[in-house]
Amino acid sequence: MPVREVALSAPGWPPGLPGRRVAVVNWRDPWHRSAGGAEAYAWEIGRRLAERGAEVTFVTARDEGQARTERVDGIDIVRLGGVFTVYPRVLAWLARRRGRFDAVLDCQNGIPFFTPWVTPRRVPVVCVMHHVHDAQFGVHFPGWMARAGRFLEGPVARWAYRNRVCAAVSPSTVTAMRERLAWTGPIHVVPNGGDPPAFRPVPPSERPSLVCVGRLVAHKRVERLIEAAAALRAEWPGLVLHVVGRGPEQERLQRVAAGLGDLVRFHGFVTPEEKARLVASSWLHLSASQGEGWGLSVLEAAALGVPTVAYDVDGLRDAVRDGRTGRLVRHGESLETVAGALLKEVAARRAEIAAECRSWAARFGWDASARRMARLLTLTDVGEGEAYVVRYRAAATEHAAVIECTTPARIHAAGLGEILELRPAGPQEILLGEPC
């Protein structure tokens, strides 16, 4: 197979996409009350596939008050089951339509849908992995259920998708899959995207302020942000922490913040415009999550010129360029110490840091990610191997590309021209899909 077929950094959409019937299977849709970054990813990819001529069906769970079927942005939505029953119901729904779809995007949120069990072998199935949940099962579920979750996420999923392609959203997710799940199949990196802020720029607040954006769930550890803000207020009088989002932890977090005066402001669910205003007017964006696939809120903050302080954990270590678009809290460091140091930097050189953040965010776009995913959904064979940077000369012109899931032998046999350089791709090159 020609290597150029798996050069995901190549421009353009694959010719086989128009008319292709694609099922996007995700735990929730963006309008579910518990929706988060995984839902934004699945929808933004699906919407762009539909815009390019694919016939997309979004199969998901049904929240209270939602219609069973609906059509939005050219996508047919089918809602089946609840938090846990969605899995068997979606499998049964797909089994009854075994010959209907030409490709399946199977999004894993803790565990995947195991769609290869009911999908013909000839139909490409791409398993989307945001992050490895092994430790998080114990945070949300009792012991027996956590063990079951880890078994399904690890050995069962590894076997079910052994001959299928996986799309991870970050290099650290790839590492976690290889090391913690012993995943052996091909893994491509298809990162989160982003869109330029569609509102009038808001100047940062004169009063030092912090913001966190996301679902209020246990593994986000928002109480650590409240504690850090309380510690920082002694040095930064008037400091405010804006908490944007909703979730089952909200009442508990409000009790944690009780007695701290106006230090913490809970905004709940807000419009995209209001969220952007709150982030853009803040000095720092904070995350205390114990692990993410990427951290979409980090990219959104960077697009608004706001740096992030986060723990050095999966996903976030890719989304934050340590020392340039924020700071990572490493073992032995405290969140408040690292955040306090960055607050001083922002006060001294805000414009420079904001420019660096915007430059980083501009390198990611939903269109580029959807093109990379479209190639996976239209290929019949993506091969195996690692990712390489290849520089070659053809017709007196030099070219460079990042090529995934291949081997040096296949690259040399592809007839690209004179190979000038061939080396393993670095994490950032895999993430960006281009040589650095």
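Listed conditions (1) under 25 Å from TYR41 (Cα atoms); (2) modelled with pLDDT under 95 are all met by SER281, apart from (1). Checked against (1) surrounded by fewer than 15 Cβ atoms within 10 Å (Cβ to Cβ); (2) outside any loop (DSSP other than H, G, I, E, B); (3) touching a residue at least 24 places away in the same chain (Cβ under 8 Å); (4) of a type outside the set (D, E, K, R), ALA339 meets all criteria but (1). Does ARG147 fit the bill of being in the same structural domain as ARG100 (by TED's automatic domain parsing), free of Cβ contacts under 8 Å to residues at least 12 places away in the same chain and either at negative phi or of a type outside the set (Lys, Arg) (or both)? Spelling it out, ARG147 is indeed in the same structural domain as ARG100 (by TED's automatic domain parsing), free of Cβ contacts under 8 Å to residues at least 12 places away in the same chain and either at negative phi or of a type outside the set (Lys, Arg) (or both).
Taking region 81-97 as the range and being within 17 Å of GLU39 (Cβ to Cβ), surrounded by fewer than 19 Cβ atoms within 10 Å (Cβ to Cβ) and aliphatic (A, V, I, L, M) as the test, only VAL83 passes. Can LEU152 be described as under 27 Å from VAL56 (Cβ atoms), out of contact with any His (no Cβ under 6 Å at 6 or more places or on another chain) and not in a strand (DSSP E or B)? The answer is yes for LEU152.
Restricting attention to region 103-122, the residues being over 17 Å from TRP27 (Cα atoms) and crowded, with 19+ Cβ neighbours inside 10 Å number 2.
Within region 395-436, which residues are among the small types (Gly, Ala, Ser), modelled with pLDDT under 85 and in a strand (DSSP E or B)? Answer for region 395-436, where residues must be among the small types (Gly, Ala, Ser), modelled with pLDDT under 85 and in a strand (DSSP E or B): just ALA401.
So that you can scan it fast, the table gives a plain yes or no per residue for (1) within 28 Å of TRP366 (Cβ to Cβ); (2) in contact with a Gly (Cβ under 8 Å, 6 or more places away or on another chain); (3) not assigned by TED's automatic domain parsing to the domain that holds GLY295; (4) not hydroxyl-bearing (Ser, Thr, Tyr):
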residue: PHE114; (1), (2), (3), (4): yes, no, yes, yes
residue: THR119; (1), (2), (3), (4): yes, no, yes, no
residue: PHE141; (1), (2), (3), (4): no, yes, yes, yes
residue: LEU181; (1), (2), (3), (4): yes, yes, yes, yes
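Within region 291-314, residues that are outside the structural domain of PHE137 (by TED's automatic domain parsing) reach no partner that is aromatic (Phe, Trp, Tyr) and buried (at least 24 other Cβ atoms within 10 Å of the Cβ) with beta carbons closer than 6 Å at six or more positions or on different chains.
On the given criteria, is ARG327 assigned by TED's automatic domain parsing to the domain that holds ALA229, under 28 Å from GLY193 (Cβ atoms) and part of a strand (DSSP E or B)? For ARG327, the condition - assigned by TED's automatic domain parsing to the domain that holds ALA229, under 28 Å from GLY193 (Cβ atoms) and part of a strand (DSSP E or B) - is met. For ARG100, the conditions (1) under 30 Å from HIS219 (Cα atoms); (2) surrounded by fewer than 19 Cβ atoms within 10 Å (Cβ to Cβ) all hold with the exception of (1). Does ALA387 meet the test of being surrounded by 17 or more Cβ atoms within 10 Å (Cβ to Cβ) and within 22 Å of ARG162 (Cβ to Cβ)? When the stated conditions are applied, ALA387 passes them. Number of residues in region 91-116 that are out of contact with any strand residue (DSSP E or B) (no Cβ under 8 Å at 6 or more places or on another chain) and either of a type in the set (A, V, I, L, M) or part of a helix (DSSP H, G or I) (or both) equals 4.
Of the residues in region 209-239, how many are among the aromatic types (Phe, Trp, Tyr) and in contact with a strand residue (DSSP E or B) (Cβ under 8 Å, 6 or more places away or on another chain)? Here the count works out to 0. Residue-level analysis places ASP367 among those that are under 23 Å from the mean Cα position of the chain (by Cα), surrounded by fewer than 17 Cβ atoms within 10 Å (Cβ to Cβ), more than 25 Å from ARG178 (Cβ to Cβ) and not small (Gly, Ala, Ser).
Apart from one condition, VAL320 fits all of (1) at negative phi; (2) over 27 Å from the mean Cα position of the chain (by Cα); the exception is (2). Residue-level check: of (1) touching a strand residue (DSSP E or B) at 6+ places or on another chain (Cβ under 9 Å); (2) of a type in the set (A, V, I, L, M, F, W, C); (3) assigned to a loop (DSSP other than H, G, I, E, B); (4) in contact (Cβ under 8 Å) with a residue 60 or more places away in the chain, VAL128 misses just (3).
The values are calculated or read from the model by the stated rules, or taken from the named source; none is laboratory data. If you're wondering where the values come from, they're calculated on a predicted model, not measured in any experiment. Positions of Cβ are generated from backbone atoms using ideal geometry, with glycine treated the same way; all protein chains shown enter the neighbour counts.
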